[in-house]
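Each value in this text was obtained by applying a stated rule to the coordinates, not by laboratory testing. Here the structure is a predicted model, which is why all the values come from computation and not from measurement. Heads up, the Cβs are rebuilt from the backbone with ideal geometry, glycines too, and the neighbour counts pull from every protein chain shown.
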Amino acid sequence: MTAGGRFVLDEAITAHLDEAARLHGALFASPWSRAALQDLLAVPGTAGAAVLDVEGEPRFAGFVLFRSLGDFAEILTVAVAPEQRRHGHGRRLMLHAMYKARSAGAERMLLEVQDGNLPAIRLYEALGMTAFDRRPNYYKADNGSHADAIMMQLIFED
Ligand SMILES: CC(C)(COP(=O)(O)OP(=O)(O)OC[C@H]1O[C@@H](n2cnc3c(N)ncnc32)[C@H](O)[C@@H]1OP(=O)(O)O)[C@@H](O)C(=O)NCCC(=O)NCCS
């Protein structure tokens, strides 16, 4: 666990899967259940972390899942509870994933993000990530509309 002034970063993500599934379900059109999160975590190279707000009673604030695959790693998902945003939790979770991936030998970090998801895109850009490709109509919303996926990457410098 890593503790900051008002938060704790807990690598024991399995202790937080109920909250993670609840948050994912509230945010995304294709929600991942607790069982789906468990299946993802069972794949070798996959790990995660939860961030808890510890000002007062500890509260789950968000989580990240990532996977290291040889010389690259990918963010599977990152999410922060709406009422906990803009407190640096998203940045913390991403930096943790990047540090872990790099320690595991990754030379670059990849992810895909829905075109127009400006909070996420701004977060990734603030961390030095850049867009390198686009997958047309990759995401489908509940109302049947589609959106492109933007592929972003960060190449770790020596
Ligand atoms: C994207 C998300 C994880 C960001 O979490 P967060 O904890 O609010 O982010 P942080 O507080 O760490 O923000 C870090 C930086 O990202 C950028 N950023 C974050 N939210 C932003 C917003 N709404 N508008 C513009 N920039 C934003 C800013 O540069 C910010 O730094 P600043 O606060 O010093 O200006 C959060 O908005 C979220 O959970 N969104 C829904 C789920 C999602 O879309 N996940 C990504 C799927 S690919």
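What dipole magnitude, in Debye to the nearest 20, does the chain give about its Cα centre under +1 on Lys/Arg Cβ and -1 on Asp/Glu Cβ? Please list the in-between numbers first.
Values: 16 positive and 20 negative charges, 36 e Å.
It works out to roughly 180 debye.
Just want the answer: with Cβ charges of +1 for Lys and Arg and -1 for Asp and Glu, which residue in LEU95, ALA35, PHE60 is farthest toward the dipole's positive end in segment 2-155?
Farthest towards the positive end: LEU95.
Let me have the 222 nm mean residue ellipticity of the chain computed from DSSP H runs of 4+ only, each contributing -39500 (n - 2.57), with the sum over all residues rounded to the nearest 500. Show your work: numbers first, answer last.
On the way: 4 runs with 44 residues, N = 158.
It comes out at -8500 deg cm²/dmol, rounded to the nearest 500.
Less than 13 Å Cβ to Cβ from THR14, Lys/Arg counted +1 and Asp/Glu -1: what total charge do the surrounding residues give? Spell out each step's value before the answer.
Values: positive: ARG34; negative: ASP10, GLU11, ASP18, GLU19, ASP39.
Taking every Cβ under 13 Å from that of THR14, the sum is -4.
Which residue, LEU123, PRO136, ALA104, has the largest displacement toward the positive end of the dipole of segment 2-155 when charges sit on each Cβ (Lys, Arg +1; Asp, Glu -1)?
Among LEU123, PRO136, ALA104, the one farthest towards the positive end of the dipole of segment 2-155 is LEU123.
Along the charge dipole of the chain, Cβ charges K/R +1 and D/E -1, which of PHE7, THR77, ILE155 sits furthest on the positive end?
Of the listed residues, the answer is PHE7.
Can you tally the net charge around TYR138? Count Lys and Arg as +1, Asp and Glu as -1, for every other residue whose Cβ sits under 12 Å from the Cβ of TYR138.
Numbers: positive: ARG134, ARG135, LYS140; negative: GLU112, ASP115, ASP133, ASP148.
Here the count lands on -1.
Return the tail of the calculated pair distribution for the chain, meaning the percent of Cα-Cα pairs more than 24 Å apart. Don't skip to the answer; put the middle values down first.
Details: 4043 of 12403 pairs.
Percentage above 24 Å: 33.
Normalised by the number of residues in the chain, what is the relative contact order in percent for Cα pairs under 8 Å and 6+ residues apart?
17
Among the chymotrypsin sites (Phe, Trp or Tyr not before Pro) in segment 1-107, which ones are in a DSSP loop with at most 14 other Cβ atoms within 10 Å of the Cβ? Mind listing them?
Numbers: sites: PHE7, PHE28, TRP32, PHE60, PHE63, PHE66, PHE72, TYR99; in loops: PHE28, TRP32.
Listed in order of number, the matching sites are PHE28.
So how do VAL64, VAL43, VAL8, VAL80 line up by other beta-carbon neighbours within 10 Å, fewest first?
Numbers: VAL64 28, VAL43 10, VAL8 15, VAL80 24.
Least crowded to most crowded, the residues run VAL43, VAL8, VAL80, VAL64.
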